[in-house]
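Throughout, read-outs are computed from the coordinates displayed, never taken from laboratory work. This structure is a prediction, so every number in the text was calculated from the model and none was measured. Backbone-built Cβ (ideal geometry, glycine too); neighbour counts: all protein chains shown.
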Amino acid sequence: MKTSKPESENIKSAPVADADLSRANSAIAVEDDHHHEAPKGIARWIYSTNHKDIGTLYLWFSFIMFLTGGAMAMVIRAELFQPGLQLVEPQFFNQMTTVHGLVMVFGAVMPAFTGLANWMIPMMIGAPDMALPRMNNLSFWILPFAFLILLSSLFTAGGAPDFGWTFYAPLSTQYSPDSTALFVFSVHIMGISSIMGAINVIVTIVNMRAPGMTWFKMPMFVWTWLITAFLLIAVMPVLAGAVTMVLTDKYFGTSFFDAAGGGDPVMFQHIFWFFGHPEVYIMILPSFGIISAIIPAFSGKKLFGYHSMVYATCSIALLSFLVWAHHMFTTGMPVFAELFFMYCTMLIAVPTGVKVFNWVATMWRGAMTFETPMLFAIAFIILFTIGGFSGLMLAIVPADFQYHDTYFVVAHFHYVLVSGAVFSIMAAAYYWLPKWTGNMYDHKLSLLHFWCSVISVNVLFFPMHFLGLAGMPRRIPDYAIQFADVNQIVSIGGFAFGLSQLIFLWVVIKCIRGGEKATDKPWEHAEGLEWTLPSPAPHHTFSTPPKID
Amino acid sequence: MLAAIVSSAQAEESAFNMTKGVTDISGKVYDLHMLIFYICCAIALVVFGAMFYSMFRHRKSKGAVAANFHESTKVEVVWTVIPIIILVLMAIPATKTLVAMEDTSRSDLTVRITGSQWKWHYSYFNEGVDYFSLLATSQKAIDGVEEKGAHYLLEVDEPLVLPINRKIRFLLTSDDVIHSWWVPDFAVKKDTIPGFINEAWTRIDKPGVYRGQCAELCGRAHGFMPIVVHAMEEDKYDQWLLAKKDEIAKAEQEAAASLTATLSKQELMTLGEKTYLDRCAVCHQATGAGIPGAFPAITGSQVATGDVSVHIDTVVNGRPGTAMQAFSNQLSDKEIAAVVTYQRNGLGNSVGDLVQASDVNTFKAASSQTSKEGQ
């Protein structure tokens, strides 16, 4: 750390072009005087414009946020371990559920996907880097500040936001703590970061594909991220609008969501979910891409129905704009609207089903091996599909009146987000760790991580279905006696799942520090340009575009 | 695994599955739920069955050799069309039930339900009967000092009373944030939205006590605003309504009498403490310390130690734009007088003045006078 200060001063005075940057570094580290080597020290990370370094930053940041949000979930589960109020105030409990949701959605899942996009998209399409490397640096480095602001609100006098991550008005406008302004500001920063990331992905994919990499030769991960990026650009401004209206309603006397001033609280929900539903797909489409890479690689077969996969992804993305009000069936919409949103929601099952069928068909009559990425991918398909089934049940309006805002919903979205999105991210990590680090991960430990995770995640979330059906509302710090036993099981599952993720941390650190050397292509049937590169992938790759036939 | 889930779901219906409820609609909703559930199970059986078969048979360690197919338009069309057919079959009963659920016409009686932080206000249309319904579980039970009863957190001081076999229309609204009135046995869950009125209805088949909870996050005590409905035979309900009207008339007489009575400090403080703990402590805390940044303290506050008319005004009319609600219709003049006295002379304050019901009444009369003049 001693050298870091003069180093950063040096860099400040130097123009920020890539070549100059490495020259500035070479003033201190003479042996590093080579353009293709990564600069050393903290400056490497702060000033980086390298897609791999920024990808690494995103991934580590997301993992730290995953543990932070997870710690909050532990508080929630500890309080719910038995009936009565034991550990926390209801007010603080509400802050925990709110910040847990925000941290997991915007801090853990989304940055993890952006990190994977940064690392993999250029290597998958044969590009030397992302198209807009400086914006790439900026879009990452504003994120830690966004979350510092959000998390610091926990220490303000009225506490952190306590109105749920969905921040329904008027709870978030007239009845919210003073820290709401911090929440609004941090969401703005997160939104700007996401939009910049999305622009970068689109520009890179559209402009920087290697010659011969036609649209229908792109790996599914690239396809799904391209579509995700469009969704991001479409809906993040809507979220920004929603939080801004909350801000002006609370602090500047407007009445967007206040009936007394001519506004409408339900309009808030329409605006929020117009963002919120595509957001759900933002968090799952890249998963589809990951699974579509891993299943063929360990089945020894090509992905079944590549074209239909692309079309299915596009139709899911389009339909995601037509289903938002299925989150609001109990707000008293006209019957016609309820029917419209029910039918559209049910329709989403079709393209989603196509994807699942395609993955199963890919496995069918393959020659499967079950390395850790494959195990996570298979768990993804099964558990995500269970989440899909409960999603279908939730689409049925009359039944939704009973499910809505109960633990059934909590079970549903954790199945698709934890055993869905998060499992796919872990599958991706195991799949590409050899390429990132040049080492194989510890196989035995990774199996331990997998089995602990897959068992505990089900102990954690499956019984929640029963709780919801039996009538336990979500977001309550205390509950009636009849829910006690199941809640205890759920909490035990929660603690086990939380602890299991420390194994993952151990595996990753161990893999970075050493281990069996990875070959360029450690998976026999893996496909894609990334496997033509050495392991670990050099700091700069595809400076000359590869040839694709 | 699925079979185990299904059988456990049937064996202990109440603990693990949706309730069938006690209305025609709730039965239909339950059937719909089970139908979709079984369809999902059947699909799961086919898809996961194929997957597991493949995982056991087509593994490299068993010498499987990968086939080479990776496309088939025919198969793709089949597994696009079949799900669409299944979905249409699901949508038909769902649509029928939904349309029936939303038909609030030709009701026999109407009850207005108003949610507020954190209680329900029931008002029988054209009957002149209305009252509040609050959680009856003691704070001690919540804190674990007292044993928790069988209906812990699902008990109220005054339940909503409804007749069976009559079509009851609910009009739902809210005084502050969005709440959601949910009784699983009726399959009724409807948001109460400030400034808007929602409609729902039910027709109860069986007399009994039915319990539910607020289902929309509404702030600190969201988990502590249960709903209890007593469903009675029609004649019993009619009797109850008459008795309730009598009770209300008596209470009004008492309130009028209290205006001329002068209570001792001891009496005011006792009633004031009870009222404070029931109504105020949820935000301002039993000690009067409040929650910094969220709910102001009573102890040493400017309102509770300053001008008494400002204090009465705050309790009677609330503070618009904050969580402090208007209590003028929720508490009697006597209770307001007592709670104001208690806040000024208890909780660490010692202003020394007493407030009588007549003071509150005079304040109310004066403030309604000024607001009329203002118009």
Segments A:233-239, B:206-212, A:470-476 sorted - mean Cβ within 10 Å per residue, highest first: A:470-476, A:233-239, B:206-212
Ranked B:D130, B:D333, criterion: other C-beta atoms within 10 Å, fewest first: B:D130, B:D333
Efficiency of FRET between A:Q82 and B:K265 - r from beta-carbon atoms, R0 56 angstrom, step 0.05: 0.85
Gyration tensor verdict on chain B (Cα atoms; rounded if a/c is under 1.5, prolate if a/b is larger than b/c, oblate otherwise): prolate
Estimated FRET transfer efficiency (A:L502, A:H443; beta-carbon r; R0 25 Å; 0.05): 0.85
Cα gyration tensor shape for chain A, rounded if a/c is under 1.5, else prolate or oblate: prolate
Value of relative contact order over region A:418-549, rounded to a whole percent, pairs C-alpha under 8 Å and six or more apart: 40
Within 10 Å of each Cβ in B:35-47, the average number of Cβ atoms from other chains: 4
Partner chain coverage, peptide B:137-148 - average Cβ within 10 angstrom: 2
Ellipsoid equivalent to region A:89-182 - semi-axes via the Cα gyration tensor, in Å: 34, 13, 10
Shielding by partners, peptide B:68-76 (average Cβ within 10 angstrom, other chains): 6
Likely footprinting exposure, A:F183, A:F252, A:F288, fewest C-beta neighbours within 10 Å first: A:F252, A:F183, A:F288
Tilt relative to chain B, helix B:357-374 - C-alpha long axis, 0 to 90 degrees, to 10: 80
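Relative contact order of chain A: what whole-number percent is it, with Cα pairs under 8 angstrom and at least 6 residues apart?
17
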Distance violations [Cα-Cα > 19 Å] among B:K28/B:K189; B:K119/B:K364; A:K217/A:K547: B:K119/B:K364
Anisotropy class of region B:68-149 from Cα gyration tensor, a/c 1.5 cut: oblate
MRE, 222 nm, helices only [DSSP H, n ≥ 4, -39500 (n - 2.57), over the protein assembly as shown, to nearest 500]: -18500 deg cm²/dmol
Debye intensity ratio in log₁₀ form over the Cα atoms of the protein assembly as shown, taken at each q of 0.06, 0.10 Å⁻¹: -0.47, -1.15
Rounded tilt (10° steps) of A:423-437 against the dominant C-alpha axis of chain A: 20
Relative contact order (%) - criterion: Cα under 8 Å, at least six apart; region: chain B: 12
